[in-house]
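Presented below is the structure to which this report refers.
The values are calculated or read from the model by the stated rules, or taken from the named source; none is laboratory data. Small disclaimer: the values here were computed from a predicted structure and weren't measured. So basically every Cβ, Gly included, is an ideal-geometry build from the backbone, and we count neighbours across all protein chains shown. We work out accessible area using only protein heavy atoms, side chains counted, and drop any ligands, DNA or RNA first. Shrake-Rupley method; radii C 1.70, N 1.55, O 1.52, S 1.80 Å.
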Protein chains: 2
Amino acid sequence: MLSVQQAADRIAAMFVETWNRHDAKAFSSIFAPDADFTNVFGMKASGRAEVERFHAPLFATMFRDSRLSIENVSSRQIRSDVGTVDLRWSMSGAYDPRGNAWPDRIGLISLVIATRGGKWLVECMHNMELDDAASAGAQQELQRANTA
Amino acid sequence: MLSVQQAADRIAAMFVETWNRHDAKAFSSIFAPDADFTNVFGMKASGRAEVERFHAPLFATMFRDSRLSIENVSSRQIRSDVGTVDLRWSMSGAYDPRGNAWPDRIGLISLVIATRGGKWLVECMHNMELDDAASAGAQQELQRANTA
């Protein structure tokens, strides 16, 4: 069986490959049949079939020209067959839900992965936009200034 | 042993209670000794002690008057002793990192919880702001209009 980090690397590669083919069915195959998915706006899809139905119209519209890259994959073992994964990503070529060009994005996908019959699948995914580096910097300064 | 949903409800109550006392040490006690924490800006803290050090200066500044509520707790069992938890939250009375009043916030905390020696602890937390309901609505319309 693959280790958690090996599985994380393989799953990250599958995200990139299926996303950049804009293939909702292949993308959804990374998920467990009853996986939970939450996007950057807090919208949910429950189960592999719904993940596919959720993404198919997006790959035809907002994300039809989008290109995903994953900059960093980190993982943590919870049990021998359960892990968490953080994927730091960037995306170019997307349109926002109103059809306007979406400036180059960066974000963080967090996953819970687990094995079913020896195969690692995504049990749970949350995605978040990281579009406020200025606030992160300001908070870091505030923490420094107020730490004894 | 508590079920995943019972543990999720208890942990949600502890988040609210310790946050609203602005008590970084008590807040950090909900986390495993080597837990991973990521805030809404993508800033990380690793381990219970660092979670405490991260929050202590924030409870003295940005969050000194803040009040957290949790509107909804949902959970999912991954193994008998591992689960995921979504906490839909709202917050009033916060200041942003620059010291300005932060308008009432809503967001989503996602947790991975697991037992250690029979006790449920947070292994991993990510927090995200849900401040773009308009985009969620626009995306939902787009999906409706483009679903066969």
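For the stretch A:31-49, the residues whose amide N sits under 17 Å from a probe point set 7 Å from the Cα of B:ILE106 along the beta carbon direction are A:38-45.
Label-point distances for A:ASP23 to the equivalent site in the other copies, using a point 7 angstrom along Cα→C-beta, read 5.4 nm when ranked shortest first. Applying a DSSP loop filter and a limit of 13 other Cβ atoms within 10 Å to the trypsin sites (Lys or Arg not before Pro) in the stretch A:1-89 leaves A:ARG21, A:ARG64.
Residues in the stretch B:131-148 carry Karplus couplings, in order, of 10, 9, 4, 5, 5, 4, x, 5, 5, 4, 4, 4, 5, 4, 5, 10, 9, 5 Hz; the curve used is 6.51 cos²θ - 1.76 cosθ + 1.60 with θ = phi - 60°, and Gly or Pro positions show x.
Considering only A:ILE78, A:ASN20, B:SER75, the residue lying farthest towards the positive end of the dipole of the protein assembly as shown is A:ILE78, judged by Cα position with unit charges set on Cβ.
The charge dipole of the stretch A:27-148, taken about its Cα centre with unit charges on the Cβ atoms of Lys, Arg (+1), Asp and Glu (-1) only, comes to about 280 debye. For the stretch B:101-144, just say rounded, prolate or oblate: build the C-alpha gyration tensor, square-root its eigenvalues into a ≥ b ≥ c, call rounded for a/c under 1.5, and beyond that prolate if a/b exceeds b/c, oblate if not. Oblate, since a/c reaches 1.5 and b/c is not below a/b.
Projecting 7 Å from Cα along the Cα-to-Cβ direction, the label point of B:MET1 sits 1.6 nm from its equivalents in the other copies, listed shortest first.
Among the protein heavy atoms, those of B:HIS55 account for about 10 Å² of accessible surface (1.4 Å probe, every chain in place). Remark: the stretch B:54-59, residue by residue, has Karplus-estimated 3J(HN,Hα) of 5, 8, 3, x, 6, 5 Hz, where x stands for each Gly or Pro and the curve is 6.51 cos²θ - 1.76 cosθ + 1.60 at θ = phi - 60°.
If Lys and Arg each add +1 and Asp and Glu each add -1, what is the summed charge of the other residues whose beta carbon sits under 14 Å from the beta carbon of A:ALA136? With Lys, Arg at +1 and Asp, Glu at -1, the neighbours total -2.
Net charge near B:ASN146: determine it from the other residues with C-beta under 13 Å of the C-beta of B:ASN146, scoring Lys and Arg +1 and Asp and Glu -1. Its environment carries a net charge of +2.
Roughly what % antiparallel, to the nearest 5, for the DSSP beta bridges in chain A?
90 percent
Closest approach to the axis carrying A onto B, counted by Cβ on chain A and given in whole Å with its residue, is A:MET128, 2. The simple spin-label model puts a point 7 Å past each Cα toward its Cβ; for A:LYS25 and A:ARG116 those points are separated by 1.9 nm.
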